[in-house]
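In what follows, a structure is listed as structure tokens, so that the remarks can point back to it.
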């Protein structure tokens with residue numbers, strides 16, 4: 001067992017180093033690289049992707065896994081081999097030529113999307129997307145045949161291991177049964193609020209300074225990461241060098257600050273994964289839903305809470321009002337600004353009541369695309385119909401605020417979107433558990449004593465990596481597997497029970 005397992009460790013260490021290079025160059029491609037370098041960079045990344053695929057799928061790796069599994073005699077090693085096998089199976093079913101073709105098609109589509117979206121150029125975008133969807137359908141079919149899962153479930157497994165579309169249909173069906181009515185009720189209730197709007201003039205320099213100060217409060221390790229700008233905020237890099245991005249709107253500070261807090265949640269998870277296991281699958285994040293659970297914990301459970309707004313209000317006044325008294329930045333007005341509910345077109349700008357409806361819309365569409373029930377050409381019409389049904393809005397012919405707005409489909413990430421709403425549920429369940437352990441947590445937050453919250457997250461979620469399956473992780477951490485009632489209770493408490 002020891003020899004086979006040691007050979008596996010050596011192989012995954014090598015793969016981790018290549019993943020490091022891939023992650024940093026992908027970040028550079030999205031945040032810093034001049035556009036003229038895209039073709040060469042895409043080809044280089046495709047070559048690297050192909051090399052990593054070969055290293056992971058060599059026949060010998062399967063033999064090592066079998067030998068190591070048969071001899072493993074402790075739970076950590078067994079869990080480690082389980083995750084190695086999961087990674088190996090994900091990769092080994094995929095033909096190398098398809099992996100390379102997807103890397104090229106996805107890079108081409110994503111790069112072109114960056115200019116096609118602001119131009120509302122659906123015609124050219126859709127031609128690139130058709131190739132991405134065709135290759136994703138091929139992938140889904142291959143993975144489905146290997147696992148016995150439905151085509152879409154085989155893609156969902158890549159982001160949310162153990163989750164199925166039948167479970168999602170139940171979870172999302174529950175949300176659809178009460179969220180739209182709650183949304184209408186809260187919007188109607190907030191009509192009577194006297195609110196000083198967040199719009200004004202806020203320089204990018206001042207917003208960035210505010211974001212950096214808040215990141216420090218949230219415990220981000222600047223010795224192992226940095227903040228930059230990109231079209232679409234994201235968190236990338238590796239645990240030793242986390243790269244997160246935001247974007248700035250000089251007429252409104254809300255988007256940038258909460259985007260930065262959101263990505264800092266992702267970053268803290270990455271920076272606190274088990275250091276001794278980082279190069280192995282066992283030391284990676286549990287799922288994208290769990291990852292979103294950390295970012296939404298930071299943004300929604302913590303960041304928009306009255307206690308945290310009280311804590312950061314002096315920083316907001318310092319950077320955005322020059323330290324001068326301004327009623328726009330009073331505690332009461334900040335709470336109203338950051339908990340304003342208004343259905344809109346853009347997912348990343350959505351309030352937390354509207355947000356799940358954006359996700360459900362995308363889930364239903366991408367499932368139909370992968371399973372061949374929807375053509376790319378029909379996507380705008382179906383999108384608009386669902387927007388009207390779920391949020392009462394019509395995108396019309398403006399696809400830049402409709403089906404072209406997200407980076408996920410251009411980059412071939414089908415099965416990813418459900419993670420966002422699963423993450424909202426995980427975040428609510430985590431905070432519920434924190435409050436049970438720390439009944440005075442809100443007063444602690446307001447006073448700047450955030451360490452007990454971060455300690456709970458570190459011990460119960462971050463340091464666990466992939467040692468446990470998702471349902472086991474949350475049962476151990478919170479006393480039960482995923483329970484959507486915590487999210488519902490959070491929404492009702494924050495918006496209707498004051």
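Every number in this text was worked out from the coordinates using simple rules, so none of it is lab data. For clarity, every value in this text was computed on a predicted model and none was experimentally measured. Every residue, glycine as well, gets a Cβ built from its backbone with ideal geometry; the counts of neighbours run over all protein chains shown.
Using only the C-alpha atoms, the convex hull of region 89-180 corresponds to 126 Å³ per residue. In plain terms, the residue of 315, 21, 282 with the fewest other Cβ atoms within 10 Å comes first and the most crowded comes last, giving 21, 315, 282.
Dividing the summed -39500 (n - 2.57) terms of all DSSP H runs of n ≥ 4 by the residue count of the chain sets its mean residue ellipticity at 222 nm at -20500 deg cm²/dmol. Cβ crowding within 10 Å, taken as a proxy for footprinting-reagent exposure, orders 182, 332 from fewest neighbours to most as 332, 182.
Please compute the volume of the convex hull spanned by the alpha-carbon atoms of region 2-150 and report it per residue in Å³. For region 2-150, the hull spanned by Cα atoms encloses 133 Å³ per residue. Under the classification rounded if a/c is under 1.5, otherwise prolate if a/b is larger than b/c and oblate if not, where does region 381-498 fall, given a ≥ b ≥ c as square roots of the Cα gyration tensor eigenvalues? Since a/c reaches 1.5 and a/b is larger than b/c, the shape of region 381-498 is classed as prolate. Rounded to the nearest 10 degrees, the inclination of helix 96-116 to the longest alpha-carbon principal axis of the chain is 20 degrees.
Pull out a ≥ b ≥ c, the square roots of the eigenvalues of the alpha-carbon gyration tensor of region 295-386, then state rounded if a/c is under 1.5, prolate if not and a/b is larger than b/c, and oblate in the remaining case. Because a/c hits 1.5 or more and a/b exceeds b/c, region 295-386 counts as prolate. Across all directions, the average projected area of the convex hull around the alpha carbons of region 334-417 is 5.7 nm². Can you give the angle from 0 to 90° between the axis of helix 418-437 and the longest principal axis of the chain, with both taken from C-alpha atoms, to the nearest 10? Between the helix axis and the principal axis of the chain, the angle is about 70 degrees.
Our summary gives region 221-305 a relative contact order of 24 percent, counting only alpha carbon pairs under 8 angstrom and 6 or more residues apart. Computed from Cα atoms, the angle from the helix 59-71 axis to the main principal axis of the chain rounds to 80 degrees.
Relative contact order, whole percent, for region 1-78 stands at 58, derived from Cα pairs under 8 Å and 6 or more residues apart.
The share of C-alpha pairs in region 39-87 whose separation exceeds 11 Å stands at 71 percent. Need one number: the % of Cα-Cα pairs in region 151-498 sitting beyond the 38 Å mark. When every Cα pair of region 151-498 is considered, 12 percent fall beyond 38 Å. Based on DSSP, what percent of beta bridges with both residues in region 151-498 are antiparallel, to the nearest 5? Counting only bridges with both partners in region 151-498, antiparallel ones make up about 55 percent.
Taking the number of Cβ atoms within 10 Å of each Cβ as an exposure proxy, the fewest-first ranking of 373, 378, 73 is 73, 373, 378. Mind running the shape call on region 208-332? Use the C-alpha gyration tensor, a ≥ b ≥ c as the square roots of the eigenvalues: rounded below 1.5 for a/c, prolate if a/b tops b/c, oblate otherwise. Prolate, since a/c reaches 1.5 and a/b exceeds b/c. Spread over its residues, the convex hull of the C-alpha atoms of region 239-309 is 90 Å³ per residue. Would you mind calculating the relative contact order of the chain from Cα pairs under 8 angstrom and at least 6 residues apart, reporting the percent as a whole number? Across the chain, relative contact order equals 18 percent.
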